[in-house]
Each structure stands twice: as C-alpha cells, then as structure tokens.
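K.L.:
The structure under discussion is supplied below as structure tokens; questions concerning it will follow.
The values are calculated or read from the model by the stated rules, or taken from the named source; none is laboratory data. Here the structure is a predicted model, which means the values were calculated and not measured. A quick note on method: Cβ atoms are made from the backbone with ideal geometry, for glycine too, and the neighbour counts reach across all protein chains shown.
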Amino acid sequence: MQAFVCAKMSRPFATAPLVVPVAHSLLPRHLRLSNLLLPSLTATTDTTIFRRRFFSPYNFRSVPGPVMAGLGGFDVIGDGGSMVQDAGATALVIAGAYAFVSTFDLLSERKLIEQNLSRKLVHILSGLLFMASWPIFSVSGWARYFAAVVPLTNCLRLVIHGLSLATDEGLIKSVTREGKPEELLRGPLYYVLVLILSAVLFWRESPVGVISLAMMCGGDGIADIVGRRFGSTKLPYNKQKSLVGSLSMFVVGFLVSIGMLYYFSALGYFQLDWVSTVERVALVSFVATMVESLPITGMVDDNISVPLVSMVVASLAFAY
C-alpha cells in the first residue's frame, strides 16, 4: 500500500493539511501538487488563468508506443528486423497510394465522378490514409524517415511532371484545377511537403502533426466541396469563400482531428486528457478556419497557411 504524508502549506492563509503521495515525482505532471492548488493560490491575473487553461504544458503525456497500451510492439526482430519492416511498410504504402490515385483517375476518365470532386477526394483521403498507416512502421528511430519516403516519392513525381520532363495526363487531371502541368508545382507540391514535414518533425509522438494534417486534409478539403455546392451566402470580407464552407471546415476539421487523436491514443502513442484536448482542438480548428477564410489565397496557398497555422497554434496549446 502506498504511503502518504501530510504536508502543510507554507502560506499563512492556507494552513489546512494536504495529503501528498510520497512518490510525488512519479506522478503525471498535471497531477502534481503545484497543479492541484486552487487557482486563487497560483494565479494572480485572468491572463495567467487563461494560459493555465489553454496552454498548460501538462495536458498530455507522450509514450513510447503500442507497448504502453498493452498491444505489443511492432519491432520484433531487432534493428535489422526494423529496417526490413519499415522498408516493407514503405513499399506497401507507396503501392497503395499509387493504386488509390489511379482509381480516382479511372473514375474521372469514365465520367463516373466529376474531376473537381475527384481532386478534392484525393486531397482529403490521401493525407489521412498516409497518416493512418504510421502504426505499421516499427518503433525504431528511423521509422519516420522511411514513412517520409512515401510523400517524397510523390514529391519527385510532381516535380518531374510539373516541369514537363514527363507526361501523365491522369495525374494532372486528378490533382489540378485547370489541367495544367505547372499547377503540380503549387498546391499539390505544398501538400506533399507538409506530409513530409509532419512525419519527420512530429511523427506519432505529438498531437501537433496529427491535428495539422487533419485540418489540411479533412477541414480544408471538405470546405471546398461544401462551399461549391451549397455556398450561396458569401463571407462579407471574402466573396470567394462561403459561410457554410467555413462552418463545415471548422466542424469536419475538429471531428477528424479528434478521430485521429483517438486512433493514435488507442494504440498507445500518447495519452490525452480528453476534456482539455477537445477545448484545444476546437481552438486550433477555429483559428485555422479563420485563416482559411481570409482573402489571401492569391498570396499564400491554403496548403501552406492552414497546416502551418495549425502547427503553431497546436504547438502552443499542446506545449510540453
């Protein structure tokens, strides 16, 4: 049975005893004594209270991987086995990505789906499926770089065809608005660069990369689809964007973010305080939606502004 000791508060106006575990240092930070004190004893201004609520550094704990969740590790043969596993996972995901895009190319060519809708569905699903594939990579330190090879391959493909060094009409039709090769070097290229950045910098160790990809893929992607079909009411400060499009981005971006966070949390990659997580994800979704609605598309592509702003805000909200 765990032993307990009674600690007296040092402040003259707070002499009531508090029961504190002996193994205080082993507790999660958000449960330690310094964070159990009443706000009136630890905060002197409304600003401090706001920062403790929305920017607390103890809102989640990163854990090594699935082993912590009792699901067993993926790295079963050691370093050599990890490399074989990661190389196999990379090849599998690349093949799946190619088949996925080719399927939408075929559907678009046969007029079974509109070209613009096909493009947006590829935008929404490819990044989310790439992120969902991360758990099949090993727990080795090099796994993130193997995973980054997948969008890197697409990056090279976009550069080659964007510079007209080779021709792939199916690729151009599936990911561009006007069917011009040079378009591949803008939005689609920025998209895969963000995938690389999220995998290398954040990987499965932080909610930041997960949320930024969810907002770019799910939120921004659905905003265009809904806005084009039902967006008769335009925003007063940007006639190119609609109210319903912005609302759908906020809602879907929020839901996709929560869903992906639950997915990685269930696999044991990090543990979350879900009450505060919902608040923080809502904050990120709101800021990202506001940025996407601004009339700056001609200067900054949404595939740059939305994920980068999401990264910054999520990094502050989930600071640790």
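K.L.:
Which pairs turn up if I take residues in segment 233-251 that are without any contact (Cβ under 8 Å) to a residue 24 or more places away in the chain and look for partners that are part of a strand (DSSP E or B) and surrounded by fewer than 16 Cβ atoms within 10 Å (Cβ to Cβ) with beta carbon separation below 8 Å, at least 6 apart in sequence or on another chain?
P.N.:
What qualifies is K234/Q240; S242/K234; L243/K234.
K.L.:
Just one of the numbered conditions (1) at positive phi; (2) of a type outside the set (A, V, I, L, M, F, W, C); (3) at pLDDT 95 or above is not true of G253; which one?
P.N.:
So the condition that G253 fails would be (1).
K.L.:
Restricting to segment 171-184, name every residue that is surrounded by 15 or more Cβ atoms within 10 Å (Cβ to Cβ) and either aromatic (F, W, Y) or assigned to a helix (DSSP H, G or I) (or both).
P.N.:
Start the filter on segment 171-184 by keeping residues that are surrounded by 15 or more Cβ atoms within 10 Å (Cβ to Cβ), which leaves 171-176, 181, 183-184.
Those that are surrounded by 15 or more Cβ atoms within 10 Å (Cβ to Cβ) and either aromatic (F, W, Y) or assigned to a helix (DSSP H, G or I) (or both): L171, I172, K173, S174, V175, P181, E183, L184.
K.L.:
In addition: Name every residue in segment 201-239 that is part of a loop (DSSP other than H, G, I, E, B) and within 14 Å of the chain's Cα centre (by Cα), in order of residue number. Please lay out each step first, then the result.
P.N.:
Within segment 201-239, the subset part of a loop (DSSP other than H, G, I, E, B) is 202-206, 231-233, 236-237.
F202, W203, R204, E205, S206, listed by residue number.
K.L.:
Just to be sure before I move on: is S126 among the polar types (S, T, N, Q), in a helix (DSSP H, G or I) and in contact with a Phe, Trp or Tyr (Cβ under 8 Å, 6 or more places away or on another chain) in the structure I sent? Explain how you work it out, then say what you get.
P.N.:
Details: among the polar types (S, T, N, Q): yes; in a helix (DSSP H, G or I): yes; in contact with a Phe, Trp or Tyr (Cβ under 8 Å, 6 or more places away or on another chain): yes.
Here the answer is yes, as S126 does meet what is asked.
K.L.:
Report yes if S108 is modelled with pLDDT of 90 or more and touching a helix residue (DSSP H, G or I) at 6+ places or on another chain (Cβ under 7 Å), otherwise no.
P.N.:
On the way: modelled with pLDDT of 90 or more: no; touching a helix residue (DSSP H, G or I) at 6+ places or on another chain (Cβ under 7 Å): yes.
Spelling it out, it is not the case that S108 is modelled with pLDDT of 90 or more and touching a helix residue (DSSP H, G or I) at 6+ places or on another chain (Cβ under 7 Å).
K.L.:
Residue by residue through segment 130-143, note down the ones that are at pLDDT 95 or above and either surrounded by fewer than 18 Cβ atoms within 10 Å (Cβ to Cβ) or assigned to a helix (DSSP H, G or I) (or both).
P.N.:
Within segment 130-143, F130, M131, A132, S133, W134, P135, I136, A143 meet the criteria.
K.L.:
Further question: Collect the residues in segment 274-306 that are β-branched (V, I, T) and either in a loop (DSSP other than H, G, I, E, B) or in contact with a His (Cβ under 9 Å, 6 or more places away or on another chain) (or both), keeping them in residue-number order. First the steps, then the outcome.
P.N.:
Initially, segment 274-306 is screened for residues β-branched (V, I, T), giving 275, 277-278, 281, 284, 287, 289, 291, 296-297, 300, 304, 306.
If the condition is that a residue be β-branched (V, I, T) and either in a loop (DSSP other than H, G, I, E, B) or in contact with a His (Cβ under 9 Å, 6 or more places away or on another chain) (or both), then I296, T297, V300 are the ones that fit.
K.L.:
Follow-up question, since we're still on this one. Working only within segment 253-266, note down all residues that are touching a residue at least 60 places away in the same chain (Cβ under 8 Å), surrounded by 18 or more Cβ atoms within 10 Å (Cβ to Cβ) and of a type outside the set (F, W, Y).
P.N.:
Looking only at segment 253-266, we keep the residues that are touching a residue at least 60 places away in the same chain (Cβ under 8 Å), and these are 256, 260, 263-264, 266.
Adding the requirement that they be surrounded by 18 or more Cβ atoms within 10 Å (Cβ to Cβ) leaves 256, 260, 264.
Of everything in segment 253-266, those that are touching a residue at least 60 places away in the same chain (Cβ under 8 Å), surrounded by 18 or more Cβ atoms within 10 Å (Cβ to Cβ) and of a type outside the set (F, W, Y) turn out to be V256, M260.
K.L.:
Q271 - would you say it is more than 19 Å from W203 (Cα to Cα), in contact (Cβ under 8 Å) with a residue 40 or more places away in the chain and not in a helix (DSSP H, G or I)? Before you say what the answer is, go through the steps one by one.
P.N.:
Details: more than 19 Å from W203 (Cα to Cα): no; in contact (Cβ under 8 Å) with a residue 40 or more places away in the chain: yes; not in a helix (DSSP H, G or I): yes.
No; evaluated as a whole, the condition is false for this residue.
K.L.:
Going by what's in this entry, would L184 be described as at pLDDT below 95, more than 30 Å from L272 (Cα to Cα) and in contact with a Pro (Cβ under 9 Å, 6 or more places away or on another chain)? Lay out the reasoning, then the answer.
P.N.:
Working: at pLDDT below 95: yes; more than 30 Å from L272 (Cα to Cα): yes; in contact with a Pro (Cβ under 9 Å, 6 or more places away or on another chain): no.
No; evaluated as a whole, the condition is false for this residue.
K.L.:
Here is a follow-up. Considering segment 161-170 alone, what residues qualify as being in contact (Cβ under 8 Å) with a residue 24 or more places away in the chain and buried (at least 16 other Cβ atoms within 10 Å of the Cβ)? Working first, answer last.
P.N.:
Taking segment 161-170 as the starting set, the residues that turn out to be in contact (Cβ under 8 Å) with a residue 24 or more places away in the chain are 162, 170.
Correct list: G162 only.
K.L.:
Would you confirm, using the coordinates I've provided, whether G127 is out of contact with any strand residue (DSSP E or B) (no Cβ under 9 Å at 6 or more places or on another chain), under 24 Å from M260 (Cα atoms) and either of a type in the set (K, R) or buried (at least 19 other Cβ atoms within 10 Å of the Cβ) (or both)? Show your work before the answer.
P.N.:
Values: out of contact with any strand residue (DSSP E or B) (no Cβ under 9 Å at 6 or more places or on another chain): yes; under 24 Å from M260 (Cα atoms): yes; either of a type in the set (K, R) or buried (at least 19 other Cβ atoms within 10 Å of the Cβ) (or both): yes.
In short, yes.
K.L.:
Under 9 Å between Cβ atoms, at least 6 apart or on separate chains: pull out the pairs that start in segment 295-320 with a residue that is under 18 Å from D224 (Cα atoms) and touching a residue at least 12 places away in the same chain (Cβ under 8 Å) and end on any residue that is in a helix (DSSP H, G or I) and of a type in the set (D, E).
P.N.:
D302/D220; D302/D224; D302/E292; N303/D220; S305/E292; V306/D220; V306/E292; P307/D220
K.L.:
In contact with an Asp or Glu (Cβ under 6 Å, 6 or more places away or on another chain) and outside any loop (DSSP other than H, G, I, E, B): is that true of F146 in this structure? Walk me through it before giving the result.
P.N.:
Numbers: in contact with an Asp or Glu (Cβ under 6 Å, 6 or more places away or on another chain): yes; outside any loop (DSSP other than H, G, I, E, B): yes.
Answer is yes for this residue.
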